[in-house]
Amino acid sequence: MTRRFVSTFKAPKGTYDLLPPESADFLAVREALARPLRRSGYGYVETPGFENVELFARGVGESTDIVTKEMYTLTTKGGDELALRPEGTASVLRAALEANLHKAGNLPVKLWYSGSYYRYERPQKGRYRHFSQVGAEAIGAEDPALDAELILLAHDAYRSLGLRDFRILLNSLGDKRCRPAYRAALQEFLRGLDLDEDTRARIEINPLRVLDDKRESVQRQLTGAPMMRDHLCEECKTFHEEVRSLLTDAGVAFEDDPRLVRGLDYYTRTTFEFVHDGLGSQSAVGGGGRYDGLSEMIGGPALPSVGWALGVDRTVLALRAEGVELELPAATEVFAVPIGEEARRRMFALVTALRREGVAADLAYGGRSMKNAMKSANRSGARYALLLGERDLAEGVAQFKDLHSGEQTSVSLDRVVAELTAKLR
Ligand code: HAM
């Protein structure tokens, strides 16, 4: 009797494995999110999965949930304090500064990235401790057209996947000239409310986040709270109007959301979120904004910048929620079934030749029975099975079986590669 081996190890809490066939959707989503960036002047950047913890503390913000509660931190044997990256913006800016990309006289520096991020969050559907983002950053230019460009590129990426039920929320958080006065006004208003101790503490550290409190008891009291939009300085107002009108001219609908506050502290002026209505509470499929002060916060020169990150996991969930089936290229087009030792050798060579011609081909390995091998052929999703037995070998032919129609034809062995390639192209 054979005993099935069951591993006692499980993927860590809040994580999941990507396995075929679903993993193909993931790859396709990553590709689709990145495609519009590639043709818009963004170059690929890759940074380490961990950074000096101080980079995120200073960049993302000491008072944010990400930094206070959600970072995976570690001390190396050499004594370095590191953190698994909870987001990409601080790392990408650090890398651009370190390599002096901003000094090459070619601003903005436009970069895109794709990878894994880690946050110690309370796991639920759409919220994981390990997740994937595709991101883009345009570094070193204060131009509202860049903000609009990025929003359009994300919009087009989602549309190219077939998504429909998403909305764009847009806000401006002002800048270092107008936000301090607004912050003070908001604090004064909030101090007069009936709030619990934690929230009262938040008023002093990060009052804008209170606007984002989801609890009904808090939201009720926020009617009449001062809004940033009524406190924007002339420069911020003009900038924001330009972003809005560029989007409108491009025919992209958005909703002004004066309460949109993001979970990272580096934002100035433009902030936006892409929300999907089929996802429940974790509805943000992507988000971003301008971060004109971040470079200086991490020790660089003034480099006004804007960017976004789109969540790959949530985009896949959004596709499922809308019932969108991605059209993916077949993983296997031809499945080869050899019968006998000599056939196996010939088939190995034929499969190699097919692959070199660009055909996705696979072979029944492990000396399995014909019946078993045909099962694999059917399961592989291949259009054709290529059969080779002893009698075929003696006659110098192989059999093509069309797995859709069941029709079988005999083809001379030296024509197999050419004919199959022609049939499939
Ligand atoms: P973020 O809003 O924190 O922004 O994350 C962007 C997207 O990543 C979210 O909209 C969501 O789809 C996905 N995401 C975040 N956390 C999780 C999670 N725990 N599980 C699954 N998906 C998640 C940023 O990260 C900024 N760096 C964006 C940016 C770039 N701003 C300027 N440049």
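The values are calculated or read from the model by the stated rules, or taken from the named source; none is laboratory data. In this text the structure is predicted, and so the values were computed from the model without any measurement. For neighbour counting, all protein chains shown are included, and Cβ atoms are generated from backbone atoms with ideal geometry for every residue, glycine included. Keep in mind that these areas ignore ligands, DNA and RNA; they rest on the heavy atoms of the full protein, side chains included. Shrake-Rupley method; radii C 1.70, N 1.55, O 1.52, S 1.80 Å.
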To the nearest 0.05, the calculated FRET efficiency linking Leu193 and Tyr120 through their beta-carbon distance, R0 being 45 Å, is 0.90
One would report the antiparallel percent of DSSP beta bridges in the range 334-424, rounded to the nearest 5, as 55 percent
Residue-normalised value, i.e. accessible area per residue, for the range 334-424 at 1.4 Å probe, in Å², stands at 55 Å²
The long-range amide H neighbours of Tyr72, using H built 1.01 Å from N in the peptide plane and a cut-off of under 5 Å, are Leu84, Tyr120
Dipole check, the range 334-424, charges on Cβ (K,R +1; D,E -1), about Cα centroid: among Met347, Asn372, Val416 the Cα furthest to the positive pole belongs to Asn372
Any lysines whose Cα falls less than 26 Å from that of Lys423, other than same-chain ones fewer than 8 residues away, would be Lys371, Lys375, Lys401
Kirkwood calc, the chain, C-alpha pairs only, radius in angstrom 25.0 Å
Taking only the alpha carbons of the range 236-347, the radius of gyration and the largest Cα-Cα distance, Dmax, both in angstrom, are 23.6, 77
FRET efficiency for Tyr72 and Glu390 from the Cβ-Cβ distance with R0 = 56 Å, rounded to 0.05, comes out at 0.45
Amide H neighbours of Gly293 at under 5 Å, excluding residues fewer than 5 places away on the same chain, with H built from the backbone geometry, are none
For the chain, cysteines with no other Cys Cβ under 4.7 Å from their own Cβ are listed as Cys236
Correct semi-axes for the range 334-424, from √(5λ) of the alpha-carbon gyration tensor and rounded to whole Å with the largest first, are 16, 16, 13
Summing +1 per Lys or Arg and -1 per Asp or Glu among the other residues with Cβ less than 11 Å from Ser412's Cβ gives -3
For the range 334-424, averaging the sequence separation of alpha carbon pairs under 8 Å that lie six or more residues apart and dividing by its residue count, the contact order in percent is 30 percent
Computed over the range 163-241, the relative contact order (Cα-Cα under 8 Å, seq sep at least six) in percent reads 46 percent
Between Val285 and residues 5 or more places away or on another chain, the pairs with built amide H atoms under 5 Å apart involve Phe274, Val275, His276
In the structure shown, of Lys10/Lys77; Lys77/Lys110; Lys125/Lys214, the pairs separated by more than 29 angstrom at the C-alpha atoms are Lys77/Lys110
Given 256-269, 182-195, the highest-first ranking by average Cβ count within 10 Å works out to 256-269, 182-195
Given unit charges at Cβ for Lys, Arg (+) and Asp, Glu (-), the dipole magnitude of the chain about its Cα centre in debye, nearest 20, is 1480 debye
Expressed as a whole-number percentage, the relative contact order of the chain with C-alpha contacts under 8 angstrom and at least six residues apart is 15 percent
Expressed as a percent, the accessible surface of the chain that is carbon or sulfur, using a 1.4 Å probe and the full set of protein chains, is 50 percent
